[in-house]
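This report refers to the structure that appears directly beneath it.
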Amino acid sequence: MYAVIETGGKQHKVKKGMILSVDLLKDDVGKKITFDNVLLYVDGDKVEVGQPYLSNVKVTAEVKDTVKGEKISILRFRRRKHSMRKIGHRSKYTQIEIKNIKLESK
């Protein structure tokens, strides 16, 4: 059984017990959150596709930690001008653990 959820403008395939890094959420560590934007639900041969979302499927997760991603180096360079600027960036992510994928009867 798995589902496809949407969070932070991205789509993630999730299974129960999976630990996933998503864009930074404003929730505290240990808090339980519910994702309502479920695009796809698959359980064996049973497949449900939302248009665009499924209203009867909920995915619950628990916030585990806030981490930083890998460093991205950016170099701005102007040829023949002796002008160069090097900057870096590290995005913050929230690690979540998927606790349950629940299909409610219609």
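Here are the numbers for this structure:
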quantity	calculated
Filter result (touching a Leu at 6+ places or on another chain (Cβ under 6 Å) and under 23 Å from THR94 (Cβ atoms)) within region 42-64	VAL57
The lone exception for VAL22 - which of (1) under 10 Å from the mean Cα position of the chain (by Cα); (2) surrounded by fewer than 12 Cβ atoms within 10 Å (Cβ to Cβ) it fails	(2)
Residue in region 68-97 that is nearest to GLY17 (Cα to Cα), counting only those that are surrounded by 10 or more Cβ atoms within 10 Å (Cβ to Cβ) and among the small types (Gly, Ala, Ser)	GLY69
Every residue from region 1-22 that is charged (D, E, K, R) and under 14 Å from GLU97 (Cα atoms)	LYS13, LYS15, LYS16
Complete set of residues in region 11-24 that are assigned to a strand (DSSP E or B) and closer than 21 Å to ASN56 by Cα	GLN11, HIS12, LYS13, VAL14
Test: residue in region 25-36 that is small (Gly, Ala, Ser) and either under 13 Å from the mean Cα position of the chain (by Cα) or not in a loop (DSSP other than H, G, I, E, B) (or both)	no
Selection from region 86-106 of residues that are over 30 Å from ASP36 (Cβ atoms) and either of a type in the set (Lys, Arg) or outside any strand (DSSP E or B) (or both)	LYS86
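Okay, residues lined up against (1) over 17 Å from TYR2 (Cα atoms); (2) within 18 Å of the chain's Cα centre (by Cα):
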| residue | (1), (2) |
| --- | --- |
| ASP45 | no, no |
| GLU48 | no, no |
| VAL57 | no, yes |
| ALA61 | no, yes |
| VAL67 | yes, yes |
| ILE72 | yes, no |
| LYS81 | yes, no |
| SER91 | yes, yes |
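Here's the yes/no breakdown for (1) in contact with a strand residue (DSSP E or B) (Cβ under 8 Å, 6 or more places away or on another chain); (2) without any contact (Cβ under 8 Å) to a residue 40 or more places away in the chain:
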| position | (1), (2) |
| --- | --- |
| LEU54 | yes, yes |
| VAL57 | yes, no |
| ASP65 | yes, yes |
| ARG76 | yes, yes |
| HIS82 | no, yes |
| HIS89 | yes, yes |
| GLU97 | yes, no |
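The numbers here are math on the coordinates, done by the rules we state, and not lab data. Here the structure is a predicted model, which means the values were calculated and not measured. We place every Cβ from the backbone using ideal geometry, glycine too, and count neighbours over all the protein chains shown.
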